[in-house]
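Colleague: Below is the structure I would like to discuss, written out as structure tokens.
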Amino acid sequence: MFLSKFLWRVFDGLWVYLKVVWWRGEDLRVLVEQDYMTRVFNKREFLRRSAVRLRRAQARGQTCYILFLDLDGLKALNDSSVGGYAEGDRLIISFSAIIRLREADLVGRMGGDEFVIVTTEGADGLAIRIEEIATEEGISFSCGIASHDSDGTVFVWHHLENKRELVAMDGGLTACENLKALIQLASERMKVLKKEKIAAGNKLVRV
């Protein structure tokens, strides 16, 4: 009787210990992989996973899309006397929740208010849907899109017009090199659209 109680206590204590170790391991994984503020993937983990996704898409004959998203006028909001950085952080968190529409997509924060989505599920409809939801929430952002076909052809997209523009072939680059080039192309396209917005007078995030 005494021995059975002793063994039960040992087993129970071991079980509690293993649960604590497992919880701490999960917590550590979250800290390593996720952005502390938005809970999307941080830049390092996002790039690692996205390179795998791009390589897998090529092997399966799929097109991989890169969406580069950046909030409009966040610096002006942070520097304003109304809300300041606290309001800017709230906006970043709200926007990060909006862009996580599809579970299959990879979403990462590059830094500040810059986010990237990698998907093989199509980008044009996703960008439009994000824009619709963001507009309802009073949030303005700019988005550039690039894509990589399975044969290595690279395009940049004009998503509101559903048109694409041929850029180049990848020239046998690795998935990691292609990914960085695609992100750069999408970023440059985003900056062009942002300049057009500023020229049209849309300079501030609407909150």
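Colleague: Kindly indicate which of ALA51, ALA134, ALA57 is under 14 Å from the mean Cα position of the chain (by Cα) and surrounded by 18 or more Cβ atoms within 10 Å (Cβ to Cβ).
Modeller: Unique residue meeting the criteria: ALA51.
Colleague: For the range 148-157, give me the residue count where each residue is farther than 18 Å from LYS191 by Cβ and buried (at least 21 other Cβ atoms within 10 Å of the Cβ).
Modeller: Filtering the range 148-157 for residues farther than 18 Å from LYS191 by Cβ gives 148-153.
Now narrow it down to the ones that are buried (at least 21 other Cβ atoms within 10 Å of the Cβ): 148.
Total meeting the criteria: 1.
Colleague: Here is a further query. Which residue is nearest to the chain's Cα centre (by Cα), if the candidates are limited to the range 72-104 and must be buried (at least 19 other Cβ atoms within 10 Å of the Cβ) and among the small types (Gly, Ala, Ser)?
Modeller: Top of the filtered list is SER96.
Colleague: Further question: Can you pull out the residues in the range 122-148 that are farther than 9 Å from LEU69 by Cβ and in contact with a strand residue (DSSP E or B) (Cβ under 8 Å, 6 or more places away or on another chain)? Steps first, answer last, please.
Modeller: Initially, the range 122-148 is screened for residues farther than 9 Å from LEU69 by Cβ, giving 122-126, 128-129, 131-140, 145-148.
Passing the criteria: GLY122, ALA123, ASP124, LEU126, GLU131, ALA134, ILE139, SER140, ILE145, ALA146, SER147, HIS148.
Values in this text are rule-based calculations from the coordinates and carry no lab data. All values derive from a computational prediction rather than experimental measurement. Heads up, the Cβs are rebuilt from the backbone with ideal geometry, glycines too, and the neighbour counts pull from every protein chain shown.
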